[in-house]
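Reading through the structure tokens given below for one structure.
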Amino acid sequence: MPEAAAQPLPPLPDAGIHRVLCVVAHPDDMEYGASAAVAAWTAAGVSVTYLLLTRGEAGMAEDPEIVGPLRATEQRGACDVVGVEDLRILEHPDGMLEATLGLRRDIARAVRQIRPDLVLTTNFDLEAYGSLNQADHRAAGLGAADGTRDAANPWVFRELREQEGLEPWSARALLVVGHPAPTHAKAVGPEQVQSSVDSLAAHAAYLAHVTGHPAPEEFIPEILREGGEAAGTEHAVTMRVHDLGGLRGADGA
């Protein structure tokens, strides 16, 4: 018997989504396709915050004291392209990010401050994108997963409540973009595809530093087109969704 055709990925439930927090390790990490979903959200009136855990200061050959501010400036330009006003950059060391209690506390603090419906991070598997995943990416994703759940627990990091007045907050779901086994997709249109290209292009100095890096327009539309094929649409951002108890029934099911 012929194999049954794969079912398209279901759309990400988006009813009642007002705030999204994106937690990544470096400037540019959001720009490899995920920013297309961000552009779609902000166009629909959703407030999106970027939380960068490092300044990316170890990512280029120049002195980190020069590179850090440069990369922050380029990230600000990338945020402007996709409608992100709230950009937050922490001071964890680039290239040496660790999934510590301190990192979890910083992320839990941001979750309680922003009170997002969704928290988004990128693939933090050991193997990713055809190679070994970069160490900071793995620590950032694990920290995002743990810190998001910590934010909902009043007995973890009690000082956030007792000293900073930050009440517990339960995000509805954690989204992992770039996961090899996605469960959902966020459809995007041609304008969002172009915005994703332009947001990566905003990291001009960084891209010029990376030997052999393809131009954004050469591969970002293809990534999103492949996502669309999986979702039964023209273009889409695919993701693995971990429902934290808040998405059940949000799509009308």
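The values are calculated or read from the model by the stated rules, or taken from the named source; none is laboratory data. Small disclaimer: the values here were computed from a predicted structure and weren't measured. Backbone-built Cβ (ideal geometry, glycine too); neighbour counts: all protein chains shown. Note: accessible area is taken over every heavy atom of the protein model, side chains too, but ligands, DNA and RNA are not part of it. Shrake-Rupley method; radii C 1.70, N 1.55, O 1.52, S 1.80 Å.
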Percentage relative contact order, the chain, counting C-alpha pairs under 8 Å, at least six apart: 26
For region 157-227: Kirkwood Rh in Å [reciprocal of mean 1/r, alpha carbons]: 15.7
Most positive-pole-ward Cα, T49, V81, P214, against dipole of the chain from beta carbon charges: T49
CD proxy at 222 nm, helix term only [per DSSP H run n ≥ 4: -39500 (n - 2.57); per residue of the chain; nearest 500]: -12000 deg cm²/dmol
For region 120-136, 3J(HN,Hα) per residue [Karplus equation, 6.51 cos²θ - 1.76 cosθ + 1.60, θ = phi - 60°, Hz, x = Gly/Pro]: 10, 9, 10, 3, 10, 5, 4, 9, 7, 6, x, 7, 6, 5, 5, 4, 4
Under Karplus coefficients 6.51, -1.76 and 1.60, residue-wise ³J(HN,Hα) of region 218-223 in Hz, glycine/proline x: 7, 9, 4, x, 5, 4
Carbon and sulfur %, accessible surface of region 38-165 computed with the full protein complex present, 1.4 Å: 50
Cα convex hull volume per residue for region 1-86 (Å³): 133
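If contacts are Cα pairs under 8 angstrom and at least 6 residues apart, what is the relative contact order of region 89-161 in percent? Can you show the working numbers first?
Details: 69 pairs, mean separation 31.1, N = 73.
Reported relative contact order: 43 percent.
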Prolate/oblate/rounded call for the chain, Cα gyration tensor, a/c under 1.5 rounded: oblate
Highest-fluctuation residue, A61, A152, A202 considered, GNM on the chain with Cα pairs under 10 Å: A61
Equivalent ellipsoid semi-axes, region 12-136, via Cα gyration tensor eigenvalues times 5, rooted, Å: 23, 17, 15
Surface per residue (accessible, 1.4 Å probe) for region 8-146, Å²: 39
Amide H partners (placed H, <5 Å) of A202, local residues excluded: none
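Share of region 197-241's accessible area from carbon and sulfur, percent, 1.4 Å?
Working: 1060 of 2130 Å².
So the carbon and sulfur contribution to the accessible surface is 50 percent.
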Relative contact order of region 188-253, pairs being alpha-carbon contacts under 8 Å that are 6 or more residues apart, as %: 30
Under-5 Å amide H pairs with L53, H placed in peptide plane, nonlocal only: V24, A25, H26, L90
Zone of E164's modelled label, taken as backbone nitrogen in region 79-95 under 15 Å from a point 7 Å along Cα→Cβ: 88-92
Square roots of five times the Cα gyration tensor eigenvalues for region 106-253, Å: 31, 20, 14
In order through region 57-63: 3J(HN,Hα) via Karplus (6.51 cos²θ - 1.76 cosθ + 1.60), integer Hz, x for Gly, Pro: 6, 9, x, 9, 6, 6, 4
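Nearest 20 debye, what's the magnitude of the dipole of region 108-227 about its Cα centre given +1 on Lys and Arg Cβ and -1 on Asp and Glu Cβ?
Numbers: 10 positive and 16 negative charges, 87 e Å.
Roughly 420 debye, rounded to the nearest 20.
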